[in-house]
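Contents: one structure, followed by commentary.
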Amino acid sequence: MKNEQYKIPPGSNELSSAMPDERGYFGQYGGKFVSETLMAAISELETEYRRLKNNPEFIAQIERDLKDYVGRESPLYYAERLTKHVGGAKILLKREDLVHTGAHKINNCIGQALLAKHMGKPRVIAETGAGQHGVASATVAARFGLECCVYMGTEDIARQSLNVYRMKLLGATVVPVDSGTKTLKDALSEAMRDWVANVDSTYYIIGTVAGPHPYPMLVRDFQAVIGNETKRQCQAQYGQLPDALVACVGGGSNAMGIFYPFIDDTSVRLIGVEPAGHGMETGKHAAPLSVGSVGVLQGNRTYLMQDEDGLILDTHSVSAGLDYPGVGPEHSWLKDIKRAEYVTIDDEEALGAFRQLNLLEGILPALESAHAVAYAMKLAAQMKPDEILVINLSGRGDKDIPTMAGIDGISLS
Amino acid sequence: MNRFEERFSTLQVSGKKALVVYIVAGDPASETTVRLMHEMVSQGADIIELGVPFTDPEAEGPVIQLGHERALRARTTLTDTLAMARAFRQQDKKTPIALMGYINPIEAMGYDVFVDKALESGIDGTIIVNLPPEEGEILGSAMIEKGLSPIYLLSPTTLNERAKLICKQSRGFIYYVSLKGTTGASNLNYTEVAERVAKFKAMTDTPILVGFGIKDAESAGKISKMADGAVVGSAIVQLIEQNESEPEVILKEVGSLVASIREGMDSAQ
């Protein structure tokens, strides 16, 4: 299939919002690769979402909750000491770490929980890697009085114990997943198995811009609040658009959320940061956009980490939330049309940025977001002082304190 | 006539229903797979579904997931799976083989290469769990052109309009997933299955086989009264799991399970 036909003419507002096409494709990426039992459920979800997304009452409900419950809008903060330290572009932080539950994941969960309510589903399920989406799902389930079940790989349960307990406090059931690599992708497969068995009563809150259509579209739409606010705030505070946006990419929801409203603003560079783990040369990473190939996994066609036989490779990242062999299909498309750039940051660099943001700004970033910080510091140094670089600081790092303490050889118990 | 058509017409003449058996290729080892295929046929299996190992078998219950993991420990790929089919085909020219699995290994091989290799290896059709007809058009037409059968699935949630499309696009047979759930689930509702299958049968002349939740002579017997055949998977894979290190025991145990299911189906007619 040709990607050329999807190239965006500069200044067009219509093309980006028209994606995906009716079949759920972004160019050759996306689609609905699910078992027959789920086809009816995803069609129903798409119909319901298309019906509600322009409904003033539904929009008002979401806006009310984003404001009063989530605490939006989140600040766009000038990181003055970080900027001085780097000595280049002005660095701004989009403070998603300050929203309720400590990460951008809640934006999507509010929207999807309201969809579940409208669709009359009493039960929601979710997959989680770092636990941020699990916490956000458990949170909205409590908020809207829904039963909640979260699937989580046993390896992630071990490295994100705080979030596991937090989900239990929120009344959710956390189901350990011990199959495959025992991480996010296996949790997602297990959630799909639950959904197949309980499709009548259950709404599946997918946490990232992946899965079968319509999920990549609706998660993006619910996360686009990040980019919309950033655009408005940057214009109001500095009278211009940013020159570059930098965000980490696992499945890619925080990146898609901040990129999407800027897709047609072609002067704005969009940069996604994938985890290089132990280093790209070791193969122990999770960077499908950087070195993967196209395939089909968990509902959509996209770039994947796979071998020549089409088997999915084990991935590694110090951050559980980025440890995923696939990526949202819209990112694959943005890469191919060269609208977004994708780069990598390894574990060491991310840990360094994690420490520096603490010391220079008094901000504890999630290890996921620290990947974006690390790359932004490199990039800003090469930019001019009158240019603006925005980092999507997608979450806060409280959950990572045990991991960091372990790395530093400190016992917290 | 292709091998599916021949097999169904033979069955019809003898007044029998199709017994379809599923194993994962390379579980627990490739030598065992080919022997097991022959053994199951000799005990009364009519069609073989050969599972293609995949790292993320999202529609499978725990038993078949473990089957995939065992096969992958032996590093079994799609290419290896095709080689097993070819080895089986040297002695058995008649029993239809459908590959069952997920689309990614086929995408990685390339559709055209896959179709040629499948044909060479004596494969008759594919059941690709995560490839609904909407996504399967390109592969499906490439297969049909070469005389291979894309087999699609129907489920309890399939609405009438879709069911018509699925019936129209399927070749060989149509696989009705009897319940909402993964393979190996056990909450089979026979009345509901009978109603649904009757409705689908009115839409097509293509045989409709029922799978998921069929594990013994009794359940297969009941299903064979309402459909053109029954698919047994997890019950067989479970026996492989229990006797993983003893191929001879696997052959014996699976053989006798298949024989008893055959008997259950025949006596129910």
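Bear in mind these aren't lab numbers, they're just calculated from the coordinates by the rules spelled out. No experiment lies behind these values; they were computed from the predicted model shown. Cβ coordinates were reconstructed from backbone atoms using ideal geometry, including for glycine residues, and neighbour counts include every protein chain displayed.
Ranking B:Ser256, B:Ala163, B:Asn243 by how far each Cα lies toward the positive end of the dipole of segment B:145-269 (charges on Cβ) leaves B:Ala163 at the top. A rounded overall shape is assigned to chain A, the ratio a/c of its alpha-carbon gyration tensor axes (a ≥ b ≥ c) being less than 1.5.
Each Lys and Arg Cβ is given +1 and each Asp and Glu Cβ -1; about its Cα centre, segment A:232-311 then shows a dipole of about 300 debye. Taking R0 as 60 Å, what FRET efficiency do you get between A:Gln382 and B:Ser267 from their Cβ-Cβ distance, rounded to the nearest 0.05? About 0.15, to the nearest 0.05. As I understand it, the dipole of chain A uses +1 on the Cβ of Lys and Arg and -1 on the Cβ of Asp and Glu, about the Cα centre. Which of A:Leu334, A:Leu360, A:Thr154 lies farthest toward its positive end? Final value for the positive-end residue is A:Leu360.
DSSP beta bridges in chain A, what fraction antiparallel, as a percent rounded to 5? Counting DSSP beta bridges with both partners in chain A, the antiparallel share is about 30 percent.
Projecting the Cα atoms of B:Tyr111, B:Gly147, B:Tyr175 onto the charge dipole of segment B:98-178, computed from C-beta unit charges around the Cα centre, puts B:Tyr175 farthest toward the positive end. Overall form of chain B: rounded. Here a/c, set by the Cα gyration tensor axes a ≥ b ≥ c, is under 1.5.
Longest stretch of chain B clear of exposed loop sites (trypsin sites (Lys or Arg not before Pro), DSSP loop, at most 13 other Cβ atoms within 10 Å, sites excluded): B:147-269.
Placing a pseudo-label 7 Å from each Cα along the Cα-to-Cβ vector at A:Ser293 and A:Arg81 gives an inter-label distance of 4.8 nm.
The simple Förster model, with R0 at 60 Å and r as the Cβ-Cβ distance, assigns B:Ala74 and A:Glu63 a FRET efficiency of 0.65.
Of all aspartates and glutamates in the structure, those lying under 16 Å Cα to Cα from B:Lys222, and not within fewer than 8 positions of it along the same chain, are B:Glu192, B:Glu195, B:Glu263, B:Asp266. Each part reduced to its alpha carbon centroid, segment B:62-98 and segment B:190-269 end up 19 Å apart. The alpha carbon centroids of segment A:256-306 and segment A:91-116 are separated by 21 Å.
For peptide B:64-74, what's the mean number of Cβ atoms from other chains within 10 Å of each residue's Cβ?
Average neighbour count from other chains, rounded to a whole number: 1.
Can you grab the distance from the C-alpha centre of segment B:99-114 to the C-alpha centre of segment A:343-413, Å, no decimals? Measuring centre to centre over Cα atoms gives 41 Å. Among the listed pairs A:Lys121/A:Lys399; B:Lys93/B:Lys180; B:Lys146/B:Lys252; A:Lys338/B:Lys180; A:Lys338/A:Lys378, those whose Cα-Cα separation exceeds 32 Å are B:Lys93/B:Lys180; B:Lys146/B:Lys252; A:Lys338/B:Lys180.
A simple charge model with +1 on the Cβ of Lys and Arg, -1 on the Cβ of Asp and Glu and nothing else charged puts the dipole of segment A:111-216 at about 300 debye relative to its Cα centre.
Near the amide H of A:Ile345, within less than 5 Å, lie the amide hydrogens of A:Glu274, A:Ala276, all on another chain or at least 5 residues away, with H placed in the peptide plane. Pairs from the table (B:Lys16/B:Lys94; B:Lys168/B:Lys199; A:Lys105/A:Lys335) lying more than 19 angstrom apart at Cα are A:Lys105/A:Lys335. The modelled label-to-label distance for the pair B:Gln12/A:Arg143, using points 7 Å beyond Cα in the direction of Cβ, is 5.9 nm. Take the Cβ atoms of B:Val113 and B:Glu137, set R0 to 25 Å, and the FRET efficiency comes out at 0.85. Distance between the pseudo-spin-label points of B:Glu161 and B:Arg86 (7 Å out from Cα toward the beta carbon): 4.5 nm. This ranking places B:Glu135, A:Glu57 by how few other beta-carbon atoms lie within 10 Å of each, fewest first, which gives A:Glu57, B:Glu135. When +1 charges are put on Lys and Arg Cβ atoms and -1 charges on Asp and Glu Cβ atoms, the dipole computed for chain A relative to its Cα centre reaches about 900 debye.
Two numbers describe the Cα atoms of segment A:280-339: Rg and Dmax, which are 11.1, 30 Å.
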